[in-house]
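The values are calculated or read from the model by the stated rules, or taken from the named source; none is laboratory data. Worth saying up front: this structure is predicted, and the values here are computed from it rather than measured. Cβ placement follows ideal geometry from the backbone for every residue including glycine, while neighbour counts extend to all protein chains displayed.
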Amino acid sequence: MHESYENRLGHKADFRVRYKFRNPENGGRISGEPFQGIRSDFSIEGEGDKMYMIWPEFEDECGNVLLDNDKQVPNSGTARMWIINNEMRPYHYGKIKIGMKGYFREGATHSAECVVIEILDLKTNPIKNK
C-alpha cells in the first residue's frame, strides 16, 4: 500500500497536472504505465534537458490519491505534484503556472506529457526542512 506523500512529507501537494503517458512509438515507456510511487522527474516544455525533482502522485477519477501500488496507474488522468527539494520552491514560484506544459522524465525519456491544471500549496509549503 502506498503511503501518501502528504503523510510522509507533512504538507500538502504543490500543484496538480493532467497527464497522458506516451506510447513507445512516440518515445514513451517500453514497459507500459508505471506504478504509484514512481519517482520520475519533471521538466518544463521549452527548457531543453533541465529536470527537477518534482514527483507525481497519481489520483483516481475523483481526485483521491491511488493507494494501491501493485497495479499500474491509468494511461491518462491527474496527479498531484511534489517539489522534493524544498530549497528549490522559490525558484518555481514564478515558473509553475496554470496551463504550463511539461513532462514526466525518466532519464532521457519523456514518459508523459502534462499540463498544470491547479496550483495548490506551492507558495505556502516549507522552504526549509525541519
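Would you point out which residue out of Ile83, Ile44 is touching a strand residue (DSSP E or B) at 6+ places or on another chain (Cβ under 6 Å) and within 21 Å of Gly10 (Cβ to Cβ)?
Numbers: Ile44 fails: within 21 Å of Gly10 (Cβ to Cβ).
When all the criteria are applied, what remains is Ile83.
Any residue at all in the stretch 61-84 that is in contact with a Ser or Thr (Cβ under 7 Å, 6 or more places away or on another chain), surrounded by 11 or more Cβ atoms within 10 Å (Cβ to Cβ) and touching a residue at least 40 places away in the same chain (Cβ under 8 Å)?
yes
Return only the number of the condition from (1) surrounded by 17 or more Cβ atoms within 10 Å (Cβ to Cβ); (2) under 15 Å from the mean Cα position of the chain (by Cα); (3) under 25 Å from Gly99 (Cβ atoms) that Gly28 does not satisfy.
(2)
Determine if the stretch 14-21 includes at least one residue that is among the hydroxyl-bearing types (Ser, Thr, Tyr), modelled with pLDDT of 95 or more and either in a loop (DSSP other than H, G, I, E, B) or within 17 Å of Ala112 (Cβ to Cβ) (or both).
First, pick out the residues of the stretch 14-21 that are among the hydroxyl-bearing types (Ser, Thr, Tyr): 19.
Within this subset, residues satisfying the condition of being modelled with pLDDT of 95 or more are 19.
Still in the list and also either in a loop (DSSP other than H, G, I, E, B) or within 17 Å of Ala112 (Cβ to Cβ) (or both): 19.
Checked the stretch 14-21: at least one residue is among the hydroxyl-bearing types (Ser, Thr, Tyr), modelled with pLDDT of 95 or more and either in a loop (DSSP other than H, G, I, E, B) or within 17 Å of Ala112 (Cβ to Cβ) (or both).
Where the second residue is of a type in the set (Lys, Arg) and crowded, with 17+ Cβ neighbours inside 10 Å and the first is within 15 Å of His92 (Cα to Cα) and lies in the stretch 39-51, which pairs have Cβ atoms under 8 Å and are six or more apart or on separate chains?
Listed by first residue and then by second, the contacts come to Asp41/Arg105; Phe42/Arg105; Ser43/Arg105; Met51/Arg105.
Across the stretch 85-109, which residue is surrounded by the fewest Cβ atoms within 10 Å (Cβ to Cβ) among those that are among the aromatic types (Phe, Trp, Tyr) and modelled with pLDDT of 95 or more? Show your work before the answer.
Filtering the stretch 85-109 down to residues among the aromatic types (Phe, Trp, Tyr) leaves 91, 93, 103-104.
Filter once more, so that each one left must be modelled with pLDDT of 95 or more: 103-104.
Working: Tyr103: 21, Phe104: 27.
Within the stretch 85-109, the match that is surrounded by the fewest Cβ atoms within 10 Å (Cβ to Cβ) is Tyr103.
Hey, does the stretch 22-37 have a residue that's free of Cβ contacts under 8 Å to residues at least 60 places away in the same chain and basic (Lys, Arg)?
The initial filter retains those residues of the stretch 22-37 that are free of Cβ contacts under 8 Å to residues at least 60 places away in the same chain, namely 23-26, 30-33, 35-37.
Subsequent filtering for residues that are basic (Lys, Arg) retains none.
No, there is no match, as no residue in the stretch 22-37 is free of Cβ contacts under 8 Å to residues at least 60 places away in the same chain and basic (Lys, Arg).
May I ask you to list the residues in the stretch 86-107 that are part of a strand (DSSP E or B) and in contact (Cβ under 8 Å) with a residue 60 or more places away in the chain? Steps first, please.
Kept after step one, since they are part of a strand (DSSP E or B), are these residues of the stretch 86-107: 101-106.
If the condition is that a residue be part of a strand (DSSP E or B) and in contact (Cβ under 8 Å) with a residue 60 or more places away in the chain, then Gly102, Tyr103, Phe104, Arg105, Glu106 are the ones that fit.
Just to be sure, is Gly48 out of contact with any Leu (no Cβ under 6 Å at 6 or more places or on another chain), assigned to a loop (DSSP other than H, G, I, E, B) and surrounded by fewer than 18 Cβ atoms within 10 Å (Cβ to Cβ)? Please lay out each step first, then the result.
Working: out of contact with any Leu (no Cβ under 6 Å at 6 or more places or on another chain): yes; assigned to a loop (DSSP other than H, G, I, E, B): yes; surrounded by fewer than 18 Cβ atoms within 10 Å (Cβ to Cβ): yes.
Considered against the rule, which asks whether it is out of contact with any Leu (no Cβ under 6 Å at 6 or more places or on another chain), assigned to a loop (DSSP other than H, G, I, E, B) and surrounded by fewer than 18 Cβ atoms within 10 Å (Cβ to Cβ), Gly48 comes out as yes.
What about Glu33, is it of a type in the set (D, E, K, R), closer than 24 Å to Asp70 by Cα and crowded, with 17+ Cβ neighbours inside 10 Å? Talk me through it step by step, then tell me what you get.
Working: of a type in the set (D, E, K, R): yes; closer than 24 Å to Asp70 by Cα: yes; crowded, with 17+ Cβ neighbours inside 10 Å: yes.
Against the criterion (of a type in the set (D, E, K, R), closer than 24 Å to Asp70 by Cα and crowded, with 17+ Cβ neighbours inside 10 Å), Glu33 qualifies.
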